[in-house]
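To keep things clear, I will list the structure first and then write my remarks on it.
The values are calculated or read from the model by the stated rules, or taken from the named source; none is laboratory data. Since we're looking at a predicted model, the values are computed, not measured. With ideal geometry, Cβ positions are generated from the backbone for all residues, glycine too; neighbour counts draw on all protein chains shown.
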Amino acid sequence: MPRGLLALAAVVALAGGKPTFAQQVGDVAAGRRLAEAWCSNCHVIGPNVTGPGSDAVPTFPTIARMPSTTAISLRVFLQTPHARMPDVQMSREQVGDVIAYILSLRDQGAKR
């Protein structure tokens, strides 16, 4: 067996069939609850959600559909202080849950 193929087989075996980080970020339902509690004062957080969200900030469905939006880009953004965003202290698990919720909106066909 060629070395490259052997190395690939070893990686697959070590992965054990578990989902990768990109596939399994967090709990979508928990992320929605967090978004409702912490994000909905500024953002429209869902496709059929109304509320006090501002036109000055993107909606979560719009963020989800951006080509640059990935689990990694969202994690970096959410863990970096921004002058226009409140300093919400979220655990790594909570950040993962919000990311999972935002990414779940990608295929819901919400209006921009």
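Some points to look at:
- Residue count for region 55-66, restricted to those that are assigned to a loop (DSSP other than H, G, I, E, B) and at pLDDT 95 or above: 1.
- Positions within region 76-93 being farther than 16 Å from Trp38 by Cβ and under 11 Å from the mean Cα position of the chain (by Cα), in sequence order: Val76
- Just so you know, in region 87-109 the residues that are acidic (Asp, Glu) and in a helix (DSSP H, G or I) include one that is surrounded by the most Cβ atoms within 10 Å (Cβ to Cβ), and it is Asp97.
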